[in-house]
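Peer 1: I have a structure here, written as structure tokens, and I will follow up with some questions on it.
The values are calculated or read from the model by the stated rules, or taken from the named source; none is laboratory data. What you see is a predicted model; the values in this text were computed from it and never measured. As a convention, Cβ positions derive from the backbone with ideal geometry for all residues, glycine included, and neighbour counts pool all protein chains shown.
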Amino acid sequence: MRELLPLSLLGAVVGLDVVCFPQMMYSRPLVAATLAGAFVGDATRGLLVGVVLELIAIATLPFGASRYPEWGSAAVVGGAIAATLHTERAGEVTIGVLAALATAWVGGWTLVKLRQWNAYLAQRRRPALEAGARGTVIGLQLAGLTSDMVRAALLTTVAYAILFPVAVRLAGQWSFSGPLSRSVVMMLATAIAASAAWVIFHSARGARWYFAGGVVVGLLLLLAR
Amino acid sequence: MTAPAFNAAVPDPSPVPSLPAWTWFKVFTRLLAIQGAWNYETLLGNGVGFCVEPALRFLPGGVHGTAFKQAMARESSYFNAHPYLASVAVGALARAELSGVPAERIERFRTALAGPLGSVGDRLVWAGWLPFASLVSLAAFGLGARPLLVIGIFLVLYNAGHFALRIWGLRVGWTRGLAVAPALGNPLLRRGPAHVARAAAAAAGVALPLAAARLLDGGPSLLAIVLVGAALLAALLVRVHGRVEGYKLVLVLIALFALLSVVR
């Protein structure tokens with residue numbers, strides 16, 4: 001597992017982007033999983049995992065204080081696992097997606113803990129904050145950023161160290177064909193994305209017709225190829 | 001009678017101070033980390049204080065002065081907004097503090113501004129621009145784009161909107177000051193979410209079949225089965241919306257599928 005250290009660093013940088021800095025969305029699964037795949041030598045396999053996760057992540061709306069899965073570090077774990085397993089006969093994308101979803105669930109919990117930790121730090125420094133101490137405000141901000149980076153690095157390291165050996169064993173005993181494995185995953189991901197699109201966009205006037213028009217264009221493009 | 005805090009039918013009469021370009025650079029780069037200490041107590045409050053601090057150094061007495069410390073205490077208290085549109089608040093609050101607007105008025109303004117900046121930003125960015133950029137790049141994937149191009153399309157498209165919004169927010173906040181409300185009635189912010197939603201709906205329609213086809217890499221019958229199955233499942237998910245989290249459902253179903261693959 002020589003790849004663990006670079007992946008942990010990538011997970012840290014990507015995990016930091018989810019909420020704290022700079023929110024340029026390179027933490028989106030499409031990007032993070034592809035980068036992780038590239039780190040272990042197969043960007044295309046990482047991209048395939050990223051596409052599936054991105055479809056699922058469309059349903060996640062990170063409004064305010066809501067709880068949501070942490071897709072950044074999770075996509076690094078999933079993309080790297082699928083890319084490492086690319087020599088297996090089938091199921092590598094499915095296993096990568098499974099590992100990423102499990103990590104995203106735990107990652108969401110770690111985000112909640114991080115926010116509680118930040119609140120604890122702020123409470124301890126309340127007198128200084130109320131006195132307008134410049135150093136305290138800057139210190140709390142830097143402490144929060146550092147904590148988030150450490151959180152994401154630890155999450156990526158622990159998740160990859162635990163899930164990679166499990167994924168190797170799972171891939172060795174995988175009995176379904178590649179097309180069937182991908183069909184099941186893609187059907188589920190597409191269903192999540194389509195239902196999310198409906199829920200998010202249907203209140204906009206005429207959105208359903210735009211969606212229907214888009215489907216027609218998409219199918220025509222498929223036929224034209 | 002006191003002046004309304006968030007009424008902006010009239011221009012802000014406070015004088016416009018001037019800040020060096022380097023200070024603006026520092027404020028803007030700090031805006032990228034505004035959520036660095038986000039927590040359940042003060043939410044974005046510490047971040048606002050952190051971002052506005054380089055500008056507050058120009059208050060009489062500098063960083064050791066009473067005015068600076070009082071302003072820092074005010075600006076680091078509870079605040080909530082969308083992280084990108086918080087730039088509007090940072091610009092407006094920096095101007096108000098440097099113009100010597102009374103503390104009570106600034107506090108009322110902060111309270112009044114938080115709600116609109118949160119709801120507008122959420123609709124425009126999280127429920128609009130982000131899924132739109134994501135679906136456009138998924139369509140590019142479906143059309144055969146290579147990995148670098150797919151992520152390039154996403155990052156360039158998304159961040160064009162992201163940075164434009166932050167820069168616009170800081171600029172409009174600073175130039176309008178406490179009279180920033182009409183700027184939030186900008187057609188882009190009022191009607192933009194609906195336009196982006198329609199564009200994203202169209203992009204979803206194009207992207208879903210294309211992305212499925214490329215990932216499956218199988219015959220048309222397999223694709224048809226997957227798309228029809230997905231449509232039926234999606235209809236079911238819409239009916240149970242709010243009761244099931246999509247990613248947890250997929251996690252459980254794929255785990256069962258994996259288990260079946262191993263034990264059969």
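Peer 1: For residues that are more than 8 Å from every other protein chain (Cβ to nearest Cβ) and within 24 Å of the chain's Cα centre (by Cα), tally how many sit in the stretch B:141-154.
Peer 2: Summing the residues that are more than 8 Å from every other protein chain (Cβ to nearest Cβ) and within 24 Å of the chain's Cα centre (by Cα) in the stretch B:141-154 gives 2.
Peer 1: Filter the stretch B:155-177 for residues that are at the interface with chain A (Cβ under 10 Å from one of its Cβ atoms) and buried (at least 19 other Cβ atoms within 10 Å of the Cβ); which is farthest from B:Leu113 (Cα to Cα)?
Peer 2: My answer is B:Leu155.
Peer 1: Just a yes or no: is a residue in the stretch B:127-143 part of a helix (DSSP H, G or I), out of contact with any helix residue (DSSP H, G or I) (no Cβ under 6 Å at 6 or more places or on another chain) and closer than 18 Å to B:Gly49 by Cβ?
Peer 2: No, the stretch B:127-143 has no match at all.
Peer 1: Another question about this same structure. In this structure, is A:Arg182 at the interface with another protein chain (Cβ under 7 Å from one of its Cβ atoms) and not hydrophobic (A, V, I, L, M, F, W, C)?
Peer 2: So A:Arg182 fits the description; yes.
Peer 1: Filter the stretch A:130-159 down to the residues that are part of a helix (DSSP H, G or I), within 13 Å of chain B (Cβ to nearest Cβ) and not hydrophobic (A, V, I, L, M, F, W, C) and list them by number.
Peer 2: Answer for the stretch A:130-159, where residues must be part of a helix (DSSP H, G or I), within 13 Å of chain B (Cβ to nearest Cβ) and not hydrophobic (A, V, I, L, M, F, W, C): A:Glu130, A:Arg134, A:Gly135, A:Thr136, A:Gly139, A:Gln141, A:Gly144, A:Thr146, A:Ser147, A:Asp148, A:Arg151.
Peer 1: Further question: Provide a single number: the residues in the stretch A:9-41 that are more than 14 Å from chain B (Cβ to nearest Cβ) and buried (at least 21 other Cβ atoms within 10 Å of the Cβ).
Peer 2: Qualifying residue count, the stretch A:9-41: 2.
Peer 1: Restricting the search to the stretch A:54-67, which residues are facing chain B (nearest Cβ under 9 Å) and at negative phi?
Peer 2: Listed by number, the residues that qualify are A:Glu54, A:Leu55, A:Ile56, A:Ala57, A:Ile58, A:Ala59, A:Thr60, A:Leu61, A:Pro62, A:Phe63, A:Ala65.
Peer 1: So A:Thr84 passes all but one of these: (1) touching a residue at least 60 places away in the same chain (Cβ under 8 Å); (2) of a type in the set (Val, Ile, Thr); (3) touching a Phe, Trp or Tyr at 6+ places or on another chain (Cβ under 6 Å). Which condition number does it fail?
Peer 2: The single condition A:Thr84 does not satisfy is (3).
Peer 1: Next question, about the same structure. Against the conditions (1) in the same structural domain as B:Leu130 (by TED's automatic domain parsing); (2) closer than 20 Å to B:Leu178 by Cβ; (3) surrounded by fewer than 22 Cβ atoms within 10 Å (Cβ to Cβ), where does B:Val16 fall short? Just the number, please.
Peer 2: (1)
Peer 1: Something else now. Can you give me the number of residues within the stretch B:250-264 that are farther than 15 Å from A:Gly91 by Cβ and more than 8 Å from chain A (Cβ to nearest Cβ)?
Peer 2: So the count comes out to 1.
Peer 1: Going by the conditions given, is A:Val93 β-branched (Val, Ile, Thr) and under 11 Å from the mean Cα position of the chain (by Cα)?
Peer 2: Criteria not met by A:Val93.
Peer 1: Among the residues of the stretch A:160-171, is any in contact with a helix residue (DSSP H, G or I) (Cβ under 7 Å, 6 or more places away or on another chain), among the hydroxyl-bearing types (Ser, Thr, Tyr), more than 7 Å from chain B (Cβ to nearest Cβ) and buried (at least 23 other Cβ atoms within 10 Å of the Cβ)?
Peer 2: Yes: one or more hits.
Peer 1: If I go through the stretch A:96-129 residue by residue, how many of them are in a helix (DSSP H, G or I) and over 14 Å from the mean Cα position of the chain (by Cα)?
Peer 2: Number satisfying all stated conditions: 17.
Peer 1: Tally up the residues in the stretch B:62-80 that are among the small types (Gly, Ala, Ser) and buried (at least 18 other Cβ atoms within 10 Å of the Cβ), please.
Peer 2: Number satisfying all stated conditions: 3.
Peer 1: Can you confirm whether B:Gly177 is modelled with pLDDT under 95 and assigned to a helix (DSSP H, G or I)?
Peer 2: For B:Gly177, the condition - modelled with pLDDT under 95 and assigned to a helix (DSSP H, G or I) - is met.
Peer 1: With surrounded by 19 or more Cβ atoms within 10 Å (Cβ to Cβ) and farther than 13 Å from A:Arg28 by Cα as the only criterion, which of B:Pro131, B:Pro116 stands out?
Peer 2: B:Pro116
Peer 1: Further question on the same structure: Is one or more of the residues making up the stretch B:193-201 more than 30 Å from A:Asp42 (Cα to Cα), among the hydrophobic types (A, V, I, L, M, F, W, C), without any contact (Cβ under 8 Å) to a residue 12 or more places away in the chain and more than 7 Å from chain A (Cβ to nearest Cβ)?
Peer 2: Looking through the stretch B:193-201, none of the residues is more than 30 Å from A:Asp42 (Cα to Cα), among the hydrophobic types (A, V, I, L, M, F, W, C), without any contact (Cβ under 8 Å) to a residue 12 or more places away in the chain and more than 7 Å from chain A (Cβ to nearest Cβ).
Peer 1: Continuing with the same structure: Out of B:Ala160, B:Ala94, B:Ala145, B:Ala112, I need the residue that is over 19 Å from A:Ala197 (Cα atoms) and modelled with pLDDT under 95. Which one?
Peer 2: Being over 19 Å from A:Ala197 (Cα atoms) and modelled with pLDDT under 95 holds for just one of B:Ala160, B:Ala94, B:Ala145, B:Ala112, which is B:Ala112.
Peer 1: Within the stretch B:21-29, does at least one residue satisfy the condition of being within 19 Å of A:Ala143 (Cβ to Cβ) and crowded, with 22+ Cβ neighbours inside 10 Å?
Peer 2: No: the stretch B:21-29 contains no residue that is within 19 Å of A:Ala143 (Cβ to Cβ) and crowded, with 22+ Cβ neighbours inside 10 Å.
Peer 1: May I pose another question? Looking at B:Val52, is it of a type in the set (A, V, I, L, M, F, W, C), touching a residue at least 40 places away in the same chain (Cβ under 8 Å) and at the interface with chain A (Cβ under 10 Å from one of its Cβ atoms)?
Peer 2: Judged against the criteria, B:Val52 is a match.
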